[in-house]
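Colleague: Before I ask anything, let me first share the structure, which is written out below as structure tokens.
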Amino acid sequence: MPLYHLPNELILLVAENLKSNGDLNSLIQTNTHLCKLLDPLLYLRDAASFPPQAILRAAEGGNDNTARKSLGAGLDLDSCLYSGKTLLCSAAENGHDKVLKLLLAHDKSVDPDEENPDGQTPLFCAARMGHDMVVKELLSTGRVDVNFICWGYTPLCSAAWNGYTEVVHLLLDTDGINLDYTSPNGETAIYLAAESGHESIVKLLIAAGADLGSKGHTGLSPLLGAARYGHESIVRILLATGRVNPITTNSEGESPLSLARKNCHEAIIKALELELDLATERPLDMAASHGCSQSMGTEWFDKIGGPKRGSDVMRWVQACDTQCPAAWRTTHPAASNCNLRPGHLTRTKHRERKSCAQTVCTSIDILFDSLTSTSCSLTSPGMLHPSS
């Protein structure tokens, strides 16, 4: 007599005496009749084990039917951890919104903002991986911290960095979102989006009113990030807002223009030069405009391949055919010590250290008056005229 012809009572008695769930599962798979008869018993035994495998695999693999059967077997959700992850985090990280919805509906006491042992919440997991449907489901509970910080970043920062436009859109529509949270490294959501080249996200954040200035001790700004990594369209978008400073510098004294030149991003160089209205501007101009910081004085010229002594700088500037901005003469800390006359280049020795905002002018050997792109006059004897 075939096994499946036995009375159900005898089959259940046999199944209950099988020692492992694996053996029971093997028996279930022999035919449809046994599957229907013994499947509930398998889920009951699994729910009573630790850890329960069926619900963990359902959360990871997205099988909502398995999840439903496990929950129906009286599963204790607090006993469920899979590879150091809670059930909610596992479902969120893998984008299984249906399983996550089942878990939340099964027990109203379940915390949708519960942290993993590694400090991640379900919302952070979903935002980091770009699962917009999971993010939407979690936000709809009204019980998650939209500005939760994990590894130094918020869900918005993480989504912006990885280019998940729809997730960013959902987060921006949430009350209380912090647009301008700054990471320990000085990175904001819009900086991370600009640095990574995510144009649509940059537009969203600009429209939402994100701060476009530099942040933190590193002095990072979206324009600096976009210029460094060659994202021309983002540079143009930022410049078009009229809310960015094109000559801002980071903590290392690098400006958007110097970073674009350093990395040979020609289109960005042209865009920035046009914005500055200096078609032949050189990094030396910005050094003069802002004053050379004590730590930047020689390093600046090292980075751009220029000389350090005043007489050499003069010849280098003339050779580069550079136009020095006139505005620096009234703001530079050394200007009061210069003998400036229109149409002349005057060389002077200035070795005083004077504080000016956050910079210190030190060992500046040359000061410029009106230096045109084609010619200049010299007042110091023995200096070479550009035409010589």
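Colleague: Suppose a student asked you for the relative contact order of the range 1-142, using Cα pairs under 8 Å spaced at least 6 residues apart; what percent would you report?
Modeller: Once divided by the residue count of the range 1-142, the mean separation gives 17 percent.
Colleague: From the phi of every residue in the range 263-268, what ³J(HN,Hα) in whole Hz does the Karplus formula 6.51 cos²θ - 1.76 cosθ + 1.60 yield, where θ is phi - 60° and glycine or proline is x?
Modeller: 9, 6, 8, 4, 5, 6
Colleague: Over the range 1-49, one equal point on each Cα, no solvent: what is log10 I(q)/I(0) by the Debye formula at q = 0.23, 0.28 Å⁻¹?
Modeller: At q = 0.23, 0.28 Å⁻¹ the computed log10 ratios are -0.79, -1.15.
Colleague: Just how many % of Cα pairs in the range 87-224 lie over 24 Å apart, if you round to the nearest whole percent? Each step should come with its number before you reach the end.
Modeller: Numbers: 2559 of 9453 pairs.
Roughly 27 percent, once rounded to a whole number.
Colleague: So, in nm, how far is label T30 from label S233 when the simple model puts each one 7 Å beyond its Cα toward the Cβ?
Modeller: The answer from the label model is 6.2 nm.
Colleague: Enumerate the amide H contacts of E115 below 5 Å, restricted to partners 5 or more residues apart or on another chain; note that Pro and chain-start residues carry no placed amide H.
Modeller: none
Colleague: Continuing with the same structure: Kindly rank 200-209, 247-256 from highest to lowest mean number of other beta carbons found within 10 Å of each residue.
Modeller: Descending packing order for the listed peptides: 247-256, 200-209.
Colleague: Let me ask something additional. I'm a student and want to see the number: the projected area of the Cα convex hull of the range 220-283, averaged over all directions, in nm². Mind dumping the intermediate values first?
Modeller: Values: hull surface 14.8 nm².
Result: 3.7 nm².
Colleague: Same structure again: If you average the alpha carbon positions of the range 181-254 and of the range 136-159, how far apart do those two centres end up, in angstrom?
Modeller: Centre-to-centre distance over Cα atoms comes out at 22 Å.
Values in this text are rule-based calculations from the coordinates and carry no lab data. From a predicted model like this one, the values you see are computed outputs, not experimental measurements. Please note: Cβ atoms are built from the backbone with ideal geometry, for glycine as well, and neighbour counts cover all protein chains shown.
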